[in-house]
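Bear in mind these aren't lab numbers, they're just calculated from the coordinates by the rules spelled out. Computed from a predicted model, the values in this text were never measured in an experiment. Methodologically, a virtual Cβ is constructed for each residue, glycine included, from the backbone with ideal geometry; neighbour enumeration extends over all protein chains shown.
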Amino acid sequence: MTNTSSMNKVNLETSVNHHIAISAIMIKRVFFKILSRNKLSITPEQWNVLYHLTESDGMTIGELSELTYKDFANMSRMTQKLEIAGFLEKRRDNKDKRIFKLYITENGKKVNEQIHQYAYESTNTALEGIDEQSKEIILKSLKQVILNTEKFLK
């Protein structure tokens with residue numbers, strides 16, 4: 001029988017994982033509030049899709065799933081909503097007709113440009129009072145967290 005009192009316990013007040021999770025939730029809330037205040041009916045996750053398509057148009061749902069860390073089913077629903085809203089379109093691949101590729105529309109490009117400003121505003125809100133050197137440390141640390149977790153999950 002294991003003695004539970006000698007096991008390592010997590011204290012949420014000092015847990016890095018907990019603070020990362022709460023920070024992500026709060027940053028998303030700020031971003032969503034800014035989008036809502038500006039009468040944009042798009043979620044931060046949907047904007048993430050538009051952002052990636054602007055960077056590399058013609059991706060598949062699977063490729064977007066990997067880039068955004070969303071499961072395939074969730075990404076499929078999200079892209080369907082973006083298609084209905086007129087922000088992207090699906091086209092069959094020229095070489096393999098079984099594959100659909102996603103392309104951002106002109107309307108999607110306009111909304112993406114608009115949202116960049118709101119993303120910048122939400123980032124500034126979240127990082128207010130943090131100096132540039134600390135921001136670099138945070139970013140470097142979070143990238144390492146992502147690498148560590150990706151390595152574990154493979």
Exercise. Around residue 88, which amide H atoms from residues at least 5 apart in sequence, or from another chain, sit under 5 Å from its own amide H, with H modelled in the peptide plane?
Worked result: 83, 105
Problem set entry | Crossing angle, helix 106-126 versus the chain [Cα axis fit, 0-90 degrees, rounded to tens] | 20 degrees
For this session: Run the quick spin-label model on residue 41 and residue 142: label points 7 Å from Cα toward the beta carbon, then report their separation in nm to one decimal.
Result: 3.0 nm
Exercise. In deg cm²/dmol and to the nearest 500, what is the mean residue ellipticity at 222 nm of the chain if only DSSP H runs of at least 4 residues count, each as -39500 (n - 2.57), divided by the residue total?
Worked result: -21000 deg cm²/dmol
Exercise. Ranked from highest to lowest mean number of other Cβ atoms within 10 Å per residue, what is the order of the peptides 21-31, 140-150?
Worked result: 21-31, 140-150
Exercise. How large is ³J(HN,Hα) for each residue in segment 127-139, as worked out from phi by the Karplus curve 6.51 cos²θ - 1.76 cosθ + 1.60 (θ = phi - 60°), to whole Hz, x for Gly and Pro?
Worked result: 9, 4, x, 9, 6, 4, 4, 5, 4, 4, 5, 4, 4
Exercise. Tell me, what is the FRET efficiency for residue 135 and residue 85 to the nearest 0.05, using R0 = 35 angstrom and their Cβ-Cβ distance as r?
Worked result: 0.60
Problem set entry | Amide H contacts of residue 59 (H built 1.01 Å from N, under 5 Å, at least 5 apart or other chain) | 102
Seminar exercise, completed: Taking 0.36 nm per residue of separation between residue 69 and residue 27 and subtracting their Cα-Cα distance, the length gained on full extension comes to 13.4 nm
Seminar exercise, completed: Checking rank on 111-120, 92-101, 37-46, with mean other Cβ inside 10 Å and highest first, the result is 111-120, 37-46, 92-101
Problem set entry | Entry for Rg/Rh (Cα atoms, Kirkwood Rh) (calculated from the structure that is shown) out of (i) 1.41; (ii) 1.06; (iii) 1.10 | (ii)
